[in-house]
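J.: Okay, handing you the structure first.
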Amino acid sequence: MNRIRNLSRSTLLLALLVFAGCAELAYQHMNDPSRDMWQQPKAVIQALNVSPGARVADLGAGGGYFTWRLAEAVGPEGKVYAVDINETGLRMIEQEAKARYASNVKPVLATPTDARIPEKVELVFNCDTYHHMSDRVAYFRSLASHLHENGRVAILDFHKTGFFSGVLGHGTSKELVRQEMEAAGYRLVAEHSFLKDQHFQIFAVNRP
């Protein structure tokens, strides 16, 4: 119960910061270490089974919460494209990359209809942003061109329950995600249930 209450407070604070126009504070809040309690980033990265040297796109990278964990997973020979439509978060990631001397992280300014990933990737990772996207079927159908032949798309989003994820729309049912991804030409290849507040599904392109 305390975990759920803390998550609700965290979501409310984030919403208030965004509404108030404090984008940088909002992105800093996304990176708050207290998020680790419910997000379980180590378990998420382990479940993704990312290979060293892989090319990965962190789609909707925000303030880079998962970007740096993905960068550690791919190693110095790999590459993580931190993709977002908001320049504030990308600027924070770019500054952090310089401070860390992380040459394997590259910020990418996308548009709402084009991820603009500069090369084919083995994995597109999308956490907590699926519900913000419009015309998702068309978007992910187009995104398939950015994937290697055996590439995957991992989607984590909040269950559509409660006030914030349900009433305010900050969530998507896993059934709807699966339905839309199938309509976009994907098939479900894995599902993980260790996150209490989110569903976690991995898809691959249906190829002839």
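J.: Considering only DSSP states other than H, G, I, E and B, which chymotrypsin sites (Phe, Trp or Tyr not before Pro) in the range 115-197 qualify as loop sites with at most 15 other Cβ atoms within 10 Å?
T.: Phe194
J.: Please give the net charge around Ala73, taking every other residue with its beta carbon less than 13 angstrom from that of Ala73, where Lys and Arg add +1 and Asp and Glu add -1. Walk me through the intermediate numbers first.
T.: Values: positive: Lys42, Arg55, Arg69, Lys79; negative: Asp58, Glu72, Glu77, Glu122.
Charge balance near Ala73 sits at 0.
J.: With a Förster radius of 25 Å, plug the Cβ-Cβ distance of Trp38 and Ala99 into 1/(1 + (r/R0)^6) and report the FRET value to the nearest 0.05.
T.: Numbers: r = 27 Å, r/R0 = 1.08.
About 0.40, to the nearest 0.05.
J.: Based on the alpha-carbon gyration tensor of the range 119-200 and its eigenvalue square roots a ≥ b ≥ c, which shape applies: rounded if a/c is under 1.5, prolate if not and a/b is larger than b/c, or oblate? Present the calculation step by step, with values, prior to reporting the outcome.
T.: Details: a/c = 2.15, a/b = 1.66, b/c = 1.29.
Prolate shape, in that a/c is at least 1.5 and a/b is the bigger ratio.
J.: I've got another one for you. Out of the range 75-118, which GluC sites (Glu not before Pro) are coil in DSSP terms and have no more than 12 other C-beta atoms within 10 Å?
T.: Details: sites: Glu77, Glu87, Glu94, Glu96; in loops: Glu77.
Loop-located and lightly packed - Glu77.
J.: How large is the Rg to Rh ratio of the range 42-195 when both quantities use alpha carbon positions and Rh follows Kirkwood? Before the final figure, lay out each step's value.
T.: Details: Rg = 15.0 Å, Rh = 15.8 Å.
With Rh from the inverse mean 1/r over Cα pairs, Rg/Rh is 0.95.
J.: Using only alpha carbon pairs under 8 Å that are at least six residues apart, calculate the relative contact order of the range 38-205 and give it in whole percent.
T.: On the way: 323 pairs, mean separation 31.3, N = 168.
Relative contact order, the range 38-205: 19 percent.
J.: Counting Lys and Arg as +1 and Asp and Glu as -1, what is the net charge of the other residues whose Cβ lies under 12 Å from the Cβ of Arg100?
T.: Local charge sum for Arg100: -2.
Laboratory data are not the source of any read-out in this text; all were calculated from the coordinates shown. Just so you know, these numbers come straight off a predicted model, no measurement behind them. Note that we place each Cβ from the backbone using ideal geometry, even for glycine, and neighbour counts take in every protein chain shown.
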